[in-house]
Amino acid sequence: MDLSNKTPENVEFMVEEIKNKLRMANMAAIKSTHFDEEKYEDLRDIYEMVIKKSSFSISEMEAIVTELGSLRKA
């Protein structure tokens, strides 16, 4: 998938992949529609970091969720 384009489909793909990788219950509340294209690069950075890691500590997961929360539309 070409994530260099800021499309709603790419946002949805990245959010779903992050949720699948983290497998956290509170991730169910995060939807791709909560993010706008202004924060696309930040979301992509989080996606790339999450995909590269094989496991996460609880504090890392909390930090990722917090960062995703800061990227949500106001």
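Observations on the structure shown:
- Of all the criteria given as (1) surrounded by fewer than 18 Cβ atoms within 10 Å (Cβ to Cβ); (2) in contact (Cβ under 8 Å) with a residue 12 or more places away in the chain; (3) hydroxyl-bearing (Ser, Thr, Tyr), the one not satisfied by Tyr47 is (1).
Conditions (1) of a type in the set (Asp, Glu); (2) over 17 Å from Gly69 (Cα atoms); (3) within 9 Å of the chain's Cα centre (by Cα), marked per residue:
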position	(1), (2), (3)
Asp2	yes, yes, no
Lys6	no, yes, no
Asn10	no, yes, no
Val15	no, no, yes
Lys19	no, no, yes
Arg23	no, no, no
Asp36	yes, no, no
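- Residue count, the range 23-61 (criterion: part of a helix (DSSP H, G or I), of a type in the set (D, E, K, R) and modelled with pLDDT of 85 or more): 9
The values are calculated or read from the model by the stated rules, or taken from the named source; none is laboratory data. Note that the structure is predicted; figures quoted are calculated from it, not measured. Glycine also receives a Cβ, built like all others from the backbone with ideal geometry; neighbour counts cover every protein chain displayed.
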